[in-house]
Structures are given as C-alpha cells and as structure tokens.
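Reading through the structure tokens given below for one structure.
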Amino acid sequence: DGGFSVFMTLRGGADTRELLTKAHEAGVMYVPGDVFYPDGRGRNSLRLGFSRLTPEQIREGVRRLRTVFD
C-alpha cells in the first residue's frame, strides 16, 4: 500500500547496470541501484517504479524481469 517504487537487492552477484540492456530488450526498465550510492555500492540493486501501472502490467513486468535475471 502506498509508494511509487520498490527498491530490490538481488542475490548472487548480479550486476543490474550490466543487465540493463537485456532488460530493455525484454521490454522492461528499472533504475540501477548504484546511482543511489555515492561510493559505488548497489550494483546488485535496482529501483522499480509501479505507480502508473495496472496489476496486470506489474505481473507482466515481473515475468519479463525473471527472463533477464535467470
């Protein structure tokens, strides 16, 4: 309830900046987490916006993200 985005941290050493192109090709976008840290941390994190999406669009976006991070 509430909010405009969710911040996620991935396990397994994923680099969300390196995967951004793959995500774009899958039709989904996010903000890589390292932009939120001044010291370069957060490369395995990301921010997902959802405020203008329907529940169906959110489910589809999560499905697409799974193909990026699998």
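In segment 42-57, what count of residues is obtained for those that are without any contact (Cβ under 8 Å) to a residue 40 or more places away in the chain and open to solvent by 70 Å² or more (accessible area, probe 1.4 Å)?
6
Working only within segment 1-41, note down all residues that are in contact (Cβ under 8 Å) with a residue 24 or more places away in the chain, farther than 16 Å from PHE69 by Cα, part of a loop (DSSP other than H, G, I, E, B) and of a type outside the set (Phe, Trp, Tyr).
Scanning segment 1-41 gives a single hit, GLY3.
Could you tell me which residue of segment 42-70 is farthest from PHE4 (Cα to Cα), considering only residues that are among the aliphatic types (A, V, I, L, M) and part of a helix (DSSP H, G or I)?
VAL68
Can you name the number of the only condition in (1) surrounded by fewer than 12 Cβ atoms within 10 Å (Cβ to Cβ); (2) within 11 Å of the chain's Cα centre (by Cα) that VAL68 fails?
Against the list (1) surrounded by fewer than 12 Cβ atoms within 10 Å (Cβ to Cβ); (2) within 11 Å of the chain's Cα centre (by Cα), VAL68 comes up short only on (1).
The values are calculated or read from the model by the stated rules, or taken from the named source; none is laboratory data. Not measured: the values here are computed from a predicted model. FYI the Cβ positions are ideal-geometry reconstructions off the backbone, even for glycines, and counts take in every protein chain you see. Surface areas here come from the heavy atoms of the whole protein model, side chains and all, with no ligands, DNA or RNA. Shrake-Rupley method; radii C 1.70, N 1.55, O 1.52, S 1.80 Å.
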